[in-house]
1. So which of A:139/A:511; A:130/C:158; A:506/A:892 end up more than 29 Å apart, counting from Cα to Cα?
2. Return the sequence-ordered ³J(HN,Hα) values of the stretch A:345-353 in whole Hz as given by the Karplus equation 6.51 cos²θ - 1.76 cosθ + 1.60 applied to θ = phi - 60°, using x for Gly and Pro.
3. Picking from A:543, A:586, A:616, whose Cα lies most toward the positive end of the charge dipole for the stretch A:532-653 (charges on Cβ: Lys, Arg +1; Asp, Glu -1)?
4. With a 1.4 Å probe and every protein chain kept in, tell me what percent of the accessible surface of the stretch C:4-190 is carbon plus sulfur.
5. For the stretch A:394-406, take each phi angle, set θ = phi - 60°, evaluate the Karplus expression 6.51 cos²θ - 1.76 cosθ + 1.60, and give the result in whole Hz per residue in order, putting x for glycine and proline.
6. Within 13 Å, Cβ to Cβ, of residue A:140, how many net charges do the neighbouring residues add up to if Lys/Arg are +1 and Asp/Glu are -1?
7. Answer with one residue from A:287, A:271, A:257: the one whose Cα lies farthest towards the positive end of the charge dipole of the stretch A:245-301, charges on Cβ with Lys, Arg +1 and Asp, Glu -1.
8. So how strong a dipole does the protein assembly as shown carry about its Cα centre when Lys and Arg Cβ are +1 and Asp and Glu Cβ are -1, to the nearest 20 debye?
Amino acid sequence: MKLMKKSTATGAGGDSASLTPALFSGAPLDRRRFLRNSGLAVGGTAIASMSAPGMMKKAQASVPKPDGGEIKTVRSVCTHCSVGCGVYAEVQDGVWVGQEPAFDHPFNLGSHCAKGAALREHGHGERRLKYPMKLVGGKWQRVSWEQAIDEIGDQLLQIRETSGPDSVYWLGSAKVNNEQAYLYRKFAAMWGTNNVDHQARICHSTTVAGVANTWGYGAMTNSYNDIHNSKAILIIGGNPAEAHPVSLQHVLRAKESGAKLIVIDPRFTRTAAHSDHYVRLRPGTDVPMVWGMLWHIFENGWDDKEFIKQRVYGMDEVRKEVARWTPDEVERVTGVPEADVKKAAQLMAENRPGTFIWCMGGTQHTIGNNNTRAYCIFQLALGNMGVEGGGTNIFRGHDNVQGATDLGVLADTLPGYYGLTEGAWKHWSTVWGLDYEWVKSRFDSGSYEESEGKPAPVMTTKGIPVSRWIDGILEDKADIAQKDNLHAMFLWGHAPNSQTRGPEQKKAMEKVDLLVVVDPYPTVTAVMQDRTDNMYLLPATTQFETYGSVTASNRSLQWRDKVIEPLFESKPDHTIMYLMAKKLGFADQLFKNIQVNNDEPLIEDITREFNKGMWTIGYTGQSPERMKLHQQNWHTFNTTSLKAEGGPADGDFYGLPWPTWGTPELKHPGTPNLYDTSKPVKDGGLTFRARFGVERDGVSLLADGSYSQGSEIQDGYPEFDHALLKKLGWWDDLTDDEKALAEGKNWKTDLSGGIQRVAIKHGCAPFGNAKARCVVWNFPDPVPIHREPLYTTRRDLVEKYPTYADRKAFWRLPTRYTSIQSKDYSKDFPLILTSGRLVEYEGGGDETRSNPWLAELQQHMFAEINQADANDAGVRDGQDVWVEGPEGGRIKVKAKITLSVARGVVWTPFHFGGYFEGEDRRAKYPEGSDPYVLGEACNTVFTYGYDSVTAMQETKCSLCKIYPVV
Amino acid sequence: MQTGKRLFGVVVLALSLAGCFEEASFEFHEPGVYKGKTDPLLKKAGTPELESQLQARLTRIQTDR
Amino acid sequence: MARMKFLCDAERCIECNACVTACKNEHEVPWGVNRRRVVTLKDGEPGEKSISVACMHCTDAPCSAVCPVDCFYTTADGIVLHDKNLCIGCGYCFYACPFGAPQYPQQSAFGVRGKMDKCTFCAGGPDADGSAEERTKYGANRIAEGKLPLCAEMCSTKALLAGDGDTVSEIYRERVLRRGGRPQTWGWDKAYGAS
């Protein structure tokens, strides 16, 4: 041993949490070090209790054995967010033994975030729900699948008998694959209800509604990769550095090439840390902020007048509204000084094309649909739409939330956004090969609402949305616009702690007759209620134990192969649907065109079935064969344009981003950037969709002198149908077979695909060529306006910017607005409460908090509190505090004192669960399936409030008070 | 923060220059003679075959492509 | 000859912790032991920076210089490894290390210090490459398989780089030059500039 003379390395010591003390002494504690102090103890307990006897299969060796079988590499896609990162899973003798970077993959180039890099834990699954369980006398009992299906089915049939099909709620999931999502929607239809919905309702429903009503489709317009082409990037209400970390690779590449990054958020996030210009606004003031920027853009003539003239309807009405948002008023409402607003506007104006990115911070509001439309209008004003590097890049949440939305796991539409009209039902009945009258007979024969003065059939009436299922149980029967309350509740892949009004949710769970969870994990549903009986937990597999397609945020469909066989007694969701349908008596109809092998419906048959019906959004060209070809040739796709350069998929865009028009045989390459007129439609070009008619009050809604390259109609045109083809003299371009199917049909309902083929042949977009609209005349606020949140600290603004009037029946339920806002809660609850994400966890966190590699990194639920508010409340850093909301819910969490939030704002992550108002409910989990980390759900405190169009829940503006735990 | 930046700069500088120098009169702290088992990797480490393999992997995976 | 080095580009590091979980995943590192950590300065404030830190595989490794039982050795390409059979878990290397890299897994309920554990640059230990014994004691040996550390290979933004120091600095330098002209960027210019 040699003694050394170096002077740098003294003073190291302390616990393992304090890394590099010499180098970083004096630095404030960061979030993780602050919260990790008791880490070892928590982990120790968790690990020690891990191998509960009788509940675990003998632990399998999960590392490669030198003397084992051949190691094969399976291609899959990460299940933790909508970026859609490719995965190389190494499997030996059926065991997932390794994970390698999928460097060939065009989205992630091998990269992962903490969650993606910890995927292989899904092969261990130590904390999974392992067997079907039944709650008997307050205790979990293991039951067989047969018994569970039988007992649940009998009760469902009984409820159907007494209360009608609408008394069963089918809450679905964005974490199943496309085939399962489609099958789930179809399953609900065969059961005879529109009471089916999924998480998209509470993440981006306001985006889908707002954006689709602006220019046709409600999806991300460009792609993560296309951000390379951006000269400016504006992120509002989003923290992709934590929620979509791999997207930051593309953002930072653009930034390195000179793009300006603007982040607008109430919280100084990890994303904001990388910005060129950070703007802190008061939560819930997005419309004033965007109008404030537009004010400068109009004032300085930075708007793209030619683009507006050719492709935008109603901008003049926006100008009128924007004129009211002078810099002074913007500052009064948002808290942002004029110079900061102007700088953001100027950076976007001077650096075009620029992209506009938003997430939950914009969508989860009572005026969420106003926010999303304001964002779109901003991009229209700058002419940033339909160009590479531009667009509204809406980062979706879960890995398949785009797909589950597209496939209609929603209370207001059938697959493909066909809606619930009689025509839509007839279209899908035809695709299913079923008699429309039989499908109709499955529904309640009564009527819940009037349409054009006549009672509307139940099958055409929107169901109860996810955000309100608790009211479907708790509301007085007389006040609900359906036959009876909900009596059975299925949570099929859903985290209840991601929903607001926790205490009421607990009550609803206790009141409903039958409660069923279908999930790989028990979820917080298993423990947050105090039921004693009639509740079931059915173990579903993860997506690594099955296969199928998944749609990333950029609309690309990717194929996953199966990595391992189902763990324990879990079954893939589509198998469970088959067993349930068989018991309920409609399996023959549900699987008429789908082969079933040993109770497992054939995935490829399901893909081919939706290919036959999804004409609206071009989910028709993505056959299983084409998707598998792309999956095997990841390396041939360009990482910026996503176009295959040579190779077997030459010319295709990766994952055939929808719309991929026509039949697979048409070989449409997919549409990488929506509404991009610089390309012919056949090569992925597009116009704005003619979705809202051809004129309004005598003003044309069709495009004016703008058309996609190579279009034979060099001006706006309506959507294509048989009559238009005939009028244009293009009818005879159809084959005889196509003519037979296309007669009397339009581009959405022609099952031959001929109308689409012929339109594209002539360079036209099947859905027409119109202007985007800034005025959505069928919405409560046709031009987006600001309205104060229901719970606001700014009482001085309520009079000028009031919320809506209460509604008697909105999505079948009474819905309150002004009756809440009219009461002043701000005296007792002086702080704004808002929420967000952590990189280690996803959604409600049941899955990720059960992964020890992730759980170790975030062991405590906490609240970020500004130091001034903490001092006012007498709260010290790291101390336990109560956070209490105006509806009475309260949570006990660790205080994290920080400058990341402004004075007057408290921020909490929403991934925790398993505690309820200070009480640890770990003992209520089925043995051996409790997540490593539990914590209070912030939504125990979050309050009432729903978007005026989609019933999105308000999770970004509520009120609270904080006080120390004594 | 200035201090932090400067220190970080030093680290970056040190890393960037690592492996760049040939020979100089640096003082090394002579480690003891390793007394453990011989790692079979030692035979392989630094061989042209392994080096080129690692090099190819580095440029294929860790660059922006 | 190549010298293996890590580099973390603070302009790109977003503290996503992929490097940490990739390490856990590859080596099945137990709870409480962190061969790699992400450190954030000025958390939640303008000027916030994060970097990922592990054993830096020093050329003149202080751990090796102070070890009382001489259990450290350095491969020809500069990876610092140790023999756990020899290690006595005294923790002196923890004193010496400027980065706090050595970790001491608990081995019993009484919290007695175990053998020292640290980042191996995914190169295992002195046992037969890829053997079950090596894997149990040191984790995977990717280097022997011609692969580089998984933390860098999976980094979400390619902030963390690992490999031959010359090539690593070329990749970094290219990026820094591309960033040139961005006055707000803290990188090459600020590190090497006159000011």
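1. On the way: A:139/A:511 18 Å; A:130/C:158 37 Å; A:506/A:892 17 Å.
Violating the 29 Å Cα-Cα cut-off are A:130/C:158.
2. Computed from phi, the couplings for the stretch A:345-353 are 5, 5, 4, 5, 6, 8, 10, 10, x Hz.
3. A:616
4. On the way: 2920 of 5270 Å².
Of all accessible area on the stretch C:4-190, carbon and sulfur atoms account for 55 percent.
5. Per-residue couplings from phi come out as 8, 7, 6, x, 4, 4, 10, 6, 5, x, 5, 5, 4 Hz.
6. Working: positive: A:130, A:134, A:139, A:142, A:531, A:924; negative: A:533, A:927, A:930.
Summing Lys and Arg as +1 and Asp and Glu as -1 gives +3.
7. A:271
8. Details: 141 positive and 150 negative charges, 408 e Å.
Magnitude of the dipole: close to 1960 debye.
The values are calculated or read from the model by the stated rules, or taken from the named source; none is laboratory data. Since we're looking at a predicted model, the values are computed, not measured. Quick reminder, even Gly has a Cβ in these numbers, built from the backbone with ideal geometry, and neighbours come from all protein chains shown. Ligands, DNA and RNA are excluded from the accessible area calculation, which covers all protein heavy atoms including side chains. Shrake-Rupley method; radii C 1.70, N 1.55, O 1.52, S 1.80 Å.
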